[in-house]
Amino acid sequence: LWLTRPPAARIRPPPPPPAVLPGPHDMVARAALLSAALLRQVGAHGYIYQPLSMQALTHQLRTHADWQPGMPESRRWEPANARFAPGQRPEGPGDSCGIGYAGERADPLYAEGLPTWRKWYEGAGLPVPTIAPGAELEVRADLAADHGGQAWMEVACSDRIAEDIGWVLLDRAASDRGHHFLPSTPSVYAWAFGDVRPADGRKAVVTSRWAVPSTFSCPTGRAVGRWVWKVANTCNDAANYGLRTTPFSLQEYAQVVESFRPGQNVQGQCASESPEQFASCFVFAVDAGAGPAPVWPQPSPEGPAGTA
């Protein structure tokens, strides 16, 4: 007879503890986190963090410990969502600083100027951004999803932000015209898809310098500003269908793209409506006269940003 050894006894692990179903508050919190994550991955495109734009301020102070009471919530968690859909135009208060994605609305506080926003900068111990006649203004954009395109920077003497406040488009600084420049339209910063650089702990940044006219003067010492980005992945707004900036030469833009990556495709001119657009708005204190370019405090990096 063959003797066989009985199989070794299997030790069963203890049963797991009973599952605890999340309560309604947990489910709402998880849904909010999931929605925020999806927006970061899909929706976000770009915003200005230097100088400290209004949505960058609310994002920098987004934690409960830093949050200033009364600040608008709409860009608190995703400052890069200040968007206009193709063909969309500002209609209500706050819209001029970007509306958002489907179902989102602009916060009317983004139509307010320095008298409203000063307390939130100062309450956080942050200086109000300044501009000076005759000085250069350095602008840095964090592009969470780069599509190339054209950007403009404009300022106005005003305590509100809207389309009818007498915007003054800034020209590129003379020191900054050796790259991304359209000779017939000096108010444009143009770049090809992918022509971005890491900076300040961020993965995709474009940096530009703009000249504040020596004649720019505000009796109140207060101004507002706006950066406008028209993307170039569907069509190019060479005819200026979108936010009122300037027409530009599509041929000159194609030369900028070619200089970065020969053979890269350039979309044609928009036929009847604007492409997708993004905006960043600012409140400024206006210095009396020209001086060196302002030095802005650097916000702490958030980690890498994705690119398209």
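The values are calculated or read from the model by the stated rules, or taken from the named source; none is laboratory data. Quick caveat, the model's predicted, so the values are computed rather than measured. For neighbour counting, all protein chains shown are included, and Cβ atoms are generated from backbone atoms with ideal geometry for every residue, glycine included. Heads up: the accessible areas ignore ligands, DNA and RNA and are worked out on the full protein's heavy atoms, side chains in. Shrake-Rupley method; radii C 1.70, N 1.55, O 1.52, S 1.80 Å.
Below are the figures for this structure:
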| item | result |
| --- | --- |
| Peptide ranges 272-285, 159-172, 249-262 listed from the most packed, as the mean C-beta count within 10 angstrom indicates | 272-285, 159-172, 249-262 |
| Where a label projected 7 Å from the Cα of ASP287 along Cα→Cβ would reach, residues of the stretch 155-192 with amide N under 20 Å | 155-158, 170-176 |
| Kirkwood-based Rg to Rh ratio, the stretch 227-292, C-alpha trace | 1.12 |
| Distant alpha-carbon pairs in the stretch 83-241 (separation over 29 angstrom), percent | 20 |
| Average accessible area per residue (Å²) across the stretch 74-212 - probe 1.4 Å, nucleic acids and ligands excluded | 37 |
| Rounded FRET efficiency, nearest 0.05, which uses the C-beta distance separating ALA85 from HIS179 and R0 of 30 Å | 0.50 |
| The stretch 175-280, relative contact order in percent, only Cα pairs under 8 angstrom and at least six apart counted | 32 |
| Spatial separation of Cα centroids for the stretch 203-239 and the stretch 66-127, in angstrom | 17 |
| Fraction of accessible area attributable to carbon and sulfur, the stretch 38-161 (%, probe 1.4 Å) | 52 |
| Computed E for ARG197/ALA124 - FRET, C-beta separation, R0 41 angstrom, nearest 0.05 | 0.90 |
| Cα Rg, Dmax (largest Cα-Cα span) when computed across the stretch 94-178, Å | 15.2, 42 |
| Estimated inter-spin distance, GLU138 and THR63, nm [label 7 Å along Cα→Cβ] | 2.7 |
| At 1.002 mPa s and 20 °C, Stokes diffusion of the stretch 152-216 via Kirkwood alpha-carbon radius, µm² per second | 157 |
| Packing rank of 54-60, 136-142, where each peptide gets the mean count of other beta carbons within 10 Å, highest leading | 54-60, 136-142 |
